[in-house]
Amino acid sequence: MITVVGTGTGAPVPRDAVAGAELVVGGRRHLDAVRLPETAERVVLGPLAPALDTVAEYVEKGRPVVVLASGDPGFFGIVRALAERFGSEVLDVRPGVSSVATAFARAGLTWDDAVVVSAHGRAVRTAVNVCRAHPKVAVLTGPGAGPAELGAALARTAGGRVLVVASALGDPARERVERVSPAEAAARDWGTAVSVVLCLDEARALGPVRTLAGAASPPAGWALDEGDFAHRDSMITKFEVRALALARLGPRPGDLVWDVGSGSGSVAVECGRLGAAVSAVEKAADGVERIRANAGAHGVDVHVVHGAAPDALGGLDDPDAVFVGGGGRELPDIVGACARRARRTVVVAMAALDRVPGVRSALTDAGFSCDGVLLQSSRLAPLPGDVTRLAATNPVFLLWGVRNPGFREGVVQ
């Protein structure tokens, strides 16, 4: 049997949990904090694979093993690795209080509606995008993905967030819980004691009572009617086009989507409703205000950039997916600039047939496989006498490019 004990957030380790252990594995601070059997071998956790190999030697001989872990080891913890290697039936897991639960308790907040994302051993960009898209997020930090890195990224696009940095949770002498802005977090050296960072949009942090824990449930539908958005002179991506565009964009939590030539922001808002972080680029001042109003009306946070592409794209983080609307002569250049930075896909909507070859070339030249359709729809419309006709909408070309296999993060091939 492998006994896995959660510790480090204030709960003492039960003495019976380690009694009789012949091997004890854990971080140095955990091993130093617990009175262990004098005859037990100790392994300080560093790289996981060698430690698991040592555990395997003891398990094969039927010798008792104890693993000490932080907080709740079944929550983004070592239980997963142990179960995959040895099977869950040999694990006796005794959870402590997770650092996430402790941090929210220190902040005086519930966390049934929080999104939890791990940046430990992972790129920080996913955590940043989740923090931008959701009002209440807990980030499990790691080297190169701590409060400073998180704050630096959020300061550029979501500077109004509040970061609650919780360090050395459960240690009476060292525990600190500090509230800072993203810019303040970026300017400090936080050391190695940070347990978790909470990212809060305080205007939305106290949401309604929920019955499902975690991120808000996805919307019941998408491709909303044009009447659900403020727009000028019907200058809005029609819902039929938007439905296919969203299917090709595939927005999801952790993604960043650009909506370039955003207009009313209908695509940006729909991507936000589906859990993605969104940057909307719009050159018209009244359009910028319209995007912000539509985002607010639908309860999503859209980072709006007032400027013309491609120049306005320079200060943005690289996107997972891009939607480009419009049809000017510069469209192929804009699509090319977007495609060179997109990690997954670019979707382009245009009315002019003349723009299709240039956009196609821009996508294929950037290493994308390209496909597309001409969308022509007719909607039911009433006629006098209680009869119905079909009213044709303007045809729209929708092209999309998908990055070819072999693309590596940070490298466009």
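The values are calculated or read from the model by the stated rules, or taken from the named source; none is laboratory data. Just so it is clear, the model here is predicted, and its values are computed rather than measured. Neighbour counts run over all protein chains shown; Cβ positions are idealised from the backbone, glycine included. For the accessible areas, the whole protein counts, side chains as well, though only heavy atoms, and no ligand, DNA or RNA atoms are used. Shrake-Rupley method; radii C 1.70, N 1.55, O 1.52, S 1.80 Å.
Which value, in Å² rounded to 10, gives the accessible area of Arg344 with a 1.4 Å probe and all protein chains present?
60 Å²
Excluding ligands and nucleic acids, what accessible area in Å² is computed for Lys283 using a 1.4 Å probe, to the nearest 10?
140 Å²
For q values of 0.17, 0.19, 0.21, 0.31 Å⁻¹, compute log₁₀ I(q)/I(0) with the Debye formula on a Cα-only model of segment 329-378, without solvent.
Result of the Debye calculation: -0.48, -0.59, -0.70, -1.34.
Would you work out if segment 273-413 is rounded, prolate or oblate? Take a ≥ b ≥ c from the square roots of the eigenvalues of the alpha-carbon gyration tensor; rounded if a/c is under 1.5, else prolate when a/b is larger than b/c, oblate otherwise.
Details: a/c = 2.03, a/b = 1.38, b/c = 1.47.
Since a/c reaches 1.5 but b/c is at least a/b, the shape of segment 273-413 is classed as oblate.
Nearest 20 debye, what's the magnitude of the dipole of the chain about its Cα centre given +1 on Lys and Arg Cβ and -1 on Asp and Glu Cβ?
Numbers: 43 positive and 45 negative charges, 34 e Å.
The dipole magnitude comes to about 160 debye.
Multiply the residue gap between Ala187 and Glu22 by 0.36 nm, knock off their C-alpha separation, and tell me the result in nm, one decimal place. Can you show the working numbers first?
Values: separation 165, 0.36 × 165 = 59.40 nm, distance 4.55 nm.
Contour length minus Cα-Cα distance gives 54.9 nm.
Just the projected area, averaged over all directions, of the convex hull on the alpha carbon atoms of segment 75-139: how many nm²? Walk me through the intermediate numbers first.
Details: hull surface 22.2 nm².
Directional mean of the projected Cα hull area for segment 75-139 stands at 5.5 nm².
Under the rule that an exposed site lies in a DSSP loop and has at most 16 other Cβ atoms within 10 Å, name the longest stretch of the chain with no GluC sites (Glu not before Pro) of that kind, not counting the sites themselves. Intermediate results must be reported in sequence, preceding the final value.
Numbers: sites that count: Glu22, Glu38, Glu202, Glu330, Glu409.
With GluC sites (Glu not before Pro) excluded where exposed in loops, the chain gives 39-201 as its longest stretch.
Where is the GNM fluctuation largest for the chain (alpha-carbon springs, 10 angstrom cutoff): Ser266, Ser234, Ser369?
Largest GNM mean-square fluctuation: Ser234.
P(r) for the chain: what percent of alpha-carbon pairs falls in each 20 Å bin, starting at zero?
Per 20 Å bin, starting at 0, the Cα pair percentages come out as 24, 44, 25, 6, 0.
Of Ser167, Ser88, which has the most accessible area with a 1.4 Å probe, and how do the rest follow in descending order?
Details: Ser167 15, Ser88 80 Å².
Heavy-atom accessible area, descending, gives Ser88, Ser167.
Project the alpha carbons of segment 192-266 onto their principal axes and report the range along each, largest first, in whole Å.
Principal axes ranked by extent give 53, 31, 23 Å for the Cα atoms.
Give the span of segment 176-222's Cα atoms along each principal axis, as three whole-Å numbers ordered largest to smallest.
Ordered largest first, segment 176-222 gives principal extents of 44, 20, 19 Å.
Let me see the pair-distance distribution of segment 1-109: every alpha carbon pair, 5 Å bin width, integer percents in order.
2, 12, 24, 26, 19, 9, 4, 2, 1, 0
In the Gaussian network model of the chain, springs joining C-alpha atoms below 10 Å, which of Arg403, Arg122, Arg360 carries the largest mean-square fluctuation?
For the chain, modelled as a Gaussian network with Cα springs under 10 Å, the answer is Arg122.
In terms of solvent-accessible area of protein heavy atoms at a 1.4 angstrom probe, what is the ranking of Val304, Val402, highest value first? Provide the component values of the computation, followed by the final result.
Details: Val304 20, Val402 70 Å².
Largest to smallest exposure gives the sequence Val402, Val304.
Would you look at the GNM of the chain, springs on alpha carbons closer than 10 Å, and say which of Val90, Val356, Val130 moves the most?
Checking each option, the largest mean-square fluctuation is seen for Val90.
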